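Data first, discussion second: the structure below is written as structure tokens.
The values are calculated or read from the model by the stated rules, or taken from the named source; none is laboratory data. Quick caveat: nothing in here was measured; it's all calculated off a predicted structure. Reconstructed Cβ throughout: ideal geometry from the backbone, glycine too, with neighbour counts over all protein chains shown.
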Amino acid sequence: MNNFIKAVESIESENPGLQPLAVLRGLRKAAGIDTPFIQHYLGPLTDKESLVIKSPLNEYIPNVLTHQVVQELEEGVVLTEDGTTVALIPLLLGLEAGLKSTSWPRVPGLYPLTLTKNLAVSFLQHFQTQPSSSIHLGPNGCWDDVRNPQVFTLSGVPSLVTEALINGGMDGMILGKHVAKPNKHLKTLSSLLRRYYTHRLNSAGLDAAPVLISRLRRSNFRKLVNFDSLKKQVTKALNIYRRLDKYEKKSNKRNQQMDIDEGLKTFVHRYIDCPAIIPRCMWEAQPYRGTPTLLSLPLSFLYIHHTYEPSQPCLTFEQCSRDMRAMQNFHQNDRGWDDIGYSFVAGSDGYVYEGRGWHWQGAHTKGQNSKGYGVSFIGDYMTSIPSQRTMDLVRNQLAKCATEGGRLVSNFTIHGHRQLEVKK
């Protein structure tokens with residue numbers, strides 16, 4: 001994302017005086033991104049909207065904006081500083097819809113251009129082809145090198161709405177709604193993107209952070225939508241898409257609505273109820289040594305730990321990833337365990353990090369590992385507590401994700417691991 005923001009800054013300097021809306025439309029023009037569906041909401045692009053873009057950016061912009069999946073590789077996506085991956089087109093379309101809007105609080109096109117059309121098409125393709133061999137959301141993926149990301153490989157069979165498209169859609173909806181407010185004057189596109197994607201937390205962490213940052217993507221998205229509003233918008237977007245782009249997947253209205261309802265239930269659970277979880281590949285985990293023991297779900301307990309060492313809360317993806325690697329190295333090479341002991345680890349950067357995950361038995365609470373998940377907060381909390389937002393990640397979001405996903409019983413018991421008679 002930093003490279004894209006720098007590219008936008010360079011284009012802004014080469015096209016002085018252009019307003020952010022004109023820059024957005026010029027970027028689309030340069031990438032050749034224009035369809036009847038987009039035109040329905042944003043109008044056609046014209047030759048007057050061409051930007052001055054010097055080499056090598058004249059090749060970079062079409063490549064970075066054009067989203068496609070070629071076999072297992074996803075293109076048109078970028079890695080952000082917070083460790084998540086974002087497709088740029090739904091982000092930019094949401095911003096364009098917001099800046100073009102003159103009907104606040106309505107923002108015509110915001111939902112369909114960012115997210116709901118992609119959801120609708122993906123749901124219908126999944127349910128009307130072979131549900132047993134396809135998915136209707138995701139997947140996420142892994143970068144070849146998080147320090148110099150070039151190739152993004154998906155972690156499974158792709159749906160028509162990958163996690164990067166969903167992240168970009170949520171960001172586009174959040175930022176599009178923000179810039180549409182009548183009292184907002186956006187000076188440059190690059191300045192907004194830099195504030196949103198590169199904000200650095202101070203020692204007070206997320207509790208003192210501004211609301212409009214990418215780390216708070218899901219909490220901000222929750223404020224904008226609910227199941228009923230999404231259902232209405234998905235159905236509406238699909239009907240318009242069918243009419244304008246001659247989409248061929250036909251189904252009777254009853255089956256169509258059932259497919260949409262089923263897909264949205266999964267979407268709401270995964271992206272509204274659950275916290276964002278950084279997968280093992282992104283913090284560069286070493287492989288599990290041996291064969292993991294599978295848990296028998298649902299479990300009945302949630303065991304809470306703190307790492308003690310590392311002793312300081314981690315506030316960035318880079319720092320949290322480094323702490324995860326250090327803990328895994330200690331657990332595997334000093335204690336002789338098969339893997340990092342915890343099921344999940346909560347950073348103070350706004351994210352949960354995958355340890356052994358939902359299905360592999362951990363090594364966190366002696367004598368109890370088959371009965372519950374072990375979740376640790378990074379830091380020494382003998383004399384203090386984590387930030388409120390960090391505790392909320394576990395106490396409310398991760399726990400709700402587990403119960404509603406059938407991984408914890410609804411009346412589960414939560415213990416600090418030292419409360420148990422048999423201690424680790």
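Listed by first and then second residue, the pairs with beta-carbon distance under 7 Å, at least 6 apart or on different chains, first residue in the range 79-101 and closer than 11 Å to MET1 by Cβ, second of a type in the set (Lys, Arg), are ASP82/ARG215.
Just for helices (runs of 4 or more DSSP H) wholly inside the range 168-280: which have at least 1 residues that are farther than 16 Å from LYS117 by Cα and either under 21 Å from the mean Cα position of the chain (by Cα) or of a type in the set (S, T, N, Q) (or both)?
Helices (runs of 4 or more DSSP H) meeting the threshold: 189-197, 217-224, 253-268.
Determine whether GLY26 is in the same structural domain as ARG243 (by TED's automatic domain parsing) and either surrounded by fewer than 14 Cβ atoms within 10 Å (Cβ to Cβ) or touching a Pro at 6+ places or on another chain (Cβ under 9 Å) (or both). Spelling it out, it is not the case that GLY26 is in the same structural domain as ARG243 (by TED's automatic domain parsing) and either surrounded by fewer than 14 Cβ atoms within 10 Å (Cβ to Cβ) or touching a Pro at 6+ places or on another chain (Cβ under 9 Å) (or both). Count of the range 1-35 residues, restricted to those that are without any contact (Cβ under 8 Å) to a residue 60 or more places away in the chain, of a type in the set (A, V, I, L, M) and either in contact with a helix residue (DSSP H, G or I) (Cβ under 6 Å, 6 or more places away or on another chain) or not in a helix (DSSP H, G or I) (or both), is 5. For the range 106-142, a residue qualifies if it is in contact (Cβ under 8 Å) with a residue 60 or more places away in the chain, within 19 Å of the chain's Cα centre (by Cα) and surrounded by fewer than 20 Cβ atoms within 10 Å (Cβ to Cβ), and exactly one does: CYS142.
Just to be sure, is ALA180 surrounded by 21 or more Cβ atoms within 10 Å (Cβ to Cβ), over 16 Å from GLY98 (Cα atoms) and among the aliphatic types (A, V, I, L, M)? No; evaluated as a whole, the condition is false for this residue.
Please name all residue pairs, on different chains or six or more residues apart, with Cβ atoms under 9 Å, provided the first residue is in the range 209-231 and is over 23 Å from GLY83 (Cβ atoms) and the second residue is of a type in the set (S, T, N, Q) and assigned to a helix (DSSP H, G or I). Taking only residues 6 or more apart or on different chains, the pairs are VAL225/GLN233; LEU230/THR116; LYS231/GLN257. A residue that is buried (at least 16 other Cβ atoms within 10 Å of the Cβ) and in a helix (DSSP H, G or I) occurs somewhere in the range 415-422.
Scanning the range 38-55 for residues that are surrounded by fewer than 17 Cβ atoms within 10 Å (Cβ to Cβ) and not in a loop (DSSP other than H, G, I, E, B) returns GLN39, ASP47, LYS48. Identify the residue in the range 289-342 that is aliphatic (A, V, I, L, M) and in contact with a His (Cβ under 7 Å, 6 or more places away or on another chain) and, among all such residues, is surrounded by the fewest Cβ atoms within 10 Å (Cβ to Cβ). Ranking the candidates gives LEU294 first.
The residues listed here are SER159, SER214; of these, the one that is farther than 25 Å from VAL23 by Cβ, in the same structural domain as THR114 (by TED's automatic domain parsing) and of a type in the set (Gly, Ala, Ser) is SER159. Apart from one condition, TYR353 fits all of (1) outside any strand (DSSP E or B); (2) within 23 Å of ARG215 (Cα to Cα); (3) of a type in the set (Phe, Trp, Tyr); the exception is (1). So which residues in the range 143-177 are surrounded by fewer than 18 Cβ atoms within 10 Å (Cβ to Cβ) and free of Cβ contacts under 8 Å to residues at least 40 places away in the same chain? Answer for the range 143-177, where residues must be surrounded by fewer than 18 Cβ atoms within 10 Å (Cβ to Cβ) and free of Cβ contacts under 8 Å to residues at least 40 places away in the same chain: ASP144, ASP145, ARG147, ASN148, GLN150, GLY156, VAL157.
Candidates LEU154, LEU175, LEU124, LEU110: the one that is touching a Gly at 6+ places or on another chain (Cβ under 9 Å) and under 16 Å from HIS67 (Cα atoms) is LEU154. Going through (1) out of contact with any strand residue (DSSP E or B) (no Cβ under 7 Å at 6 or more places or on another chain); (2) closer than 20 Å to LEU201 by Cβ; (3) outside any helix (DSSP H, G or I) one by one, MET391 falls short only on (3). Tell me the residue from VAL394, VAL345 that is in the same structural domain as GLN319 (by TED's automatic domain parsing), surrounded by 24 or more Cβ atoms within 10 Å (Cβ to Cβ) and under 22 Å from LEU297 (Cα atoms), please. The match here is VAL345.
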